[in-house]
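**Student:** This structure is in structure tokens; I'll ask about it shortly.
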Amino acid sequence: MAEKRNIFLIGPMGAGKSTIGRQLAQLLSMDFVDSDQEIEQRAGADISWIFDVEGEEGFRKREERIINELTQRQGVVLSTGGGVVVSKENRNHLSARGIVIYLETTVEKQYQRTQRDKKRPLLQDVEDPRQVLENLAKERNPLYEEIADIVLPTDEQNAKAMATQIVDLIDNIHG
């Protein structure tokens, strides 16, 4: 890849965006940025706290500002939060400013990967986390598909294999 196009990883929580993103950035000698970590650093607080204090709406406003800024950088692999696609503005920035890769996963796999994770505000203090994941999938999966240049199932491979596969797919797109 002669030119360093931005690569944006989207998908639900537990799809492996951060893990695969780090591998991908390393393979391509690009910077890795995680939008959720960036939000936490700038806020000086974790996402659960932001949700508690500002609600989801407050968090989404912060997320829009960060996504606008991060997608303007050059040569980054950006891992986004699962709800990034809820904002039309975010979808526009992502699709216009880089290659969007939708890391697809099943609700069952998401549930397995997130059930012990206490840093998922939408899954905290809910009676049926699996149902929450189902509802989020119904709402968000069409939005992920709408802006994705590449859709890749993540359930069966490890992060390194996924990163290598992404590099091959991107090389094919750019001939």
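The values are calculated or read from the model by the stated rules, or taken from the named source; none is laboratory data. Here the structure is a predicted model, which is why all the values come from computation and not from measurement. All Cβ positions, even for glycine, are placed from backbone atoms using ideal geometry, and neighbour counts span all protein chains on display. Surface accessibility is based on the protein's heavy atoms, side chains included, excluding ligands, DNA and RNA. Shrake-Rupley method; radii C 1.70, N 1.55, O 1.52, S 1.80 Å.
**Student:** Give the distance, in whole Å, between the Cα centre of segment 78-148 and the Cα centre of segment 1-75.
**Tutor:** Segment 78-148 and segment 1-75 have Cα centres separated by 13 Å.
**Student:** Still on this structure: Rounded to a whole number of µm²/s, how large is the Stokes-Einstein D of segment 96-175 at 20 °C and 1.002 mPa s, given Rh as the Kirkwood radius over C-alpha pairs?
**Tutor:** Reported coefficient: 149 µm²/s.
**Student:** Under 10 Å from the Cβ of Ile170, count the other residues' Cβ atoms, weight Lys and Arg +1, Asp and Glu -1, and hand me the total.
**Tutor:** Local charge sum for Ile170: -2.
**Student:** Same structure, new question: By how many degrees, 0 to 90 and rounded to 10, does the Cα axis of helix 88-97 deviate from the longest principal axis of the chain?
**Tutor:** Approximately 20 degrees, to the nearest ten.
**Student:** From largest accessible area down, sort Glu139, Glu127; use a 1.4 Å probe on the protein chains.
**Tutor:** These residues rank, largest area first, as Glu127, Glu139.
**Student:** Let me ask something else about it. Is there a quick way to get the dipole size of segment 23-101? I mean about its Cα centre, with the Cβ of Lys and Arg at +1 and of Asp and Glu at -1; what is the value in debye to the nearest 20?
**Tutor:** Computed charge dipole of segment 23-101: roughly 420 debye.
**Student:** For Lys118, what accessible surface area do you get with a 1.4 Å probe? Give it in Å², rounded to 10.
**Tutor:** Surface open to solvent at Lys118 totals about 140 Å².
**Student:** Compute a Gaussian network model of the chain, connecting alpha carbons closer than 10 Å, and tell me which residue from Asn68, Asn158, Asn90 fluctuates the most.
**Tutor:** The residue that fluctuates most here is Asn158.
**Student:** Considering only Gly81, Phe8, Gly55, whose Cα is most displaced toward the positive end of the charge dipole of segment 6-168, charges sitting on Cβ of Lys, Arg (+1) and Asp, Glu (-1)?
**Tutor:** Phe8
**Student:** Nearest 20 debye, what's the magnitude of the dipole of the chain about its Cα centre given +1 on Lys and Arg Cβ and -1 on Asp and Glu Cβ?
**Tutor:** In debye, rounded to 20, the chain gives about 360.
**Student:** Quick check: the angle from helix 159-173's long axis to the longest principal axis of the chain, C-alpha only, nearest 10 degrees?
**Tutor:** Its long axis makes an angle of about 50 degrees.
**Student:** Shifting gears a bit: What ranking do 141-150, 96-105, 164-173 get when scored by the average of other Cβ atoms within 10 Å per residue, highest first? Don't skip to the answer; put the middle values down first.
**Tutor:** Details: 141-150: 16.5, 96-105: 21.4, 164-173: 14.3.
So the order, starting with the most tightly packed, is 96-105, 141-150, 164-173.
**Student:** Mind ranking Lys119, Lys109 by accessible surface for me, highest first, 1.4 Å probe? Walk me through the intermediate numbers first.
**Tutor:** Details: Lys119 125, Lys109 60 Å².
From most accessible down to least: Lys119, Lys109.
**Student:** Would you report the distance distribution of C-alpha pairs in the chain as whole percents per 5 angstrom bin, up to the bin with the largest distance?
**Tutor:** Over the chain, the share of Cα pairs per 5 Å bin runs 1, 8, 18, 22, 22, 16, 8, 3, 1, 0 percent.
**Student:** Taking the chain as the reference, fit the longest principal axis to its C-alpha atoms, fit the long axis of helix 129-147 to the helix C-alpha atoms, and give the angle between the two in degrees, 0 to 90, nearest 10.
**Tutor:** Here the helix axis deviates by roughly 30 degrees.
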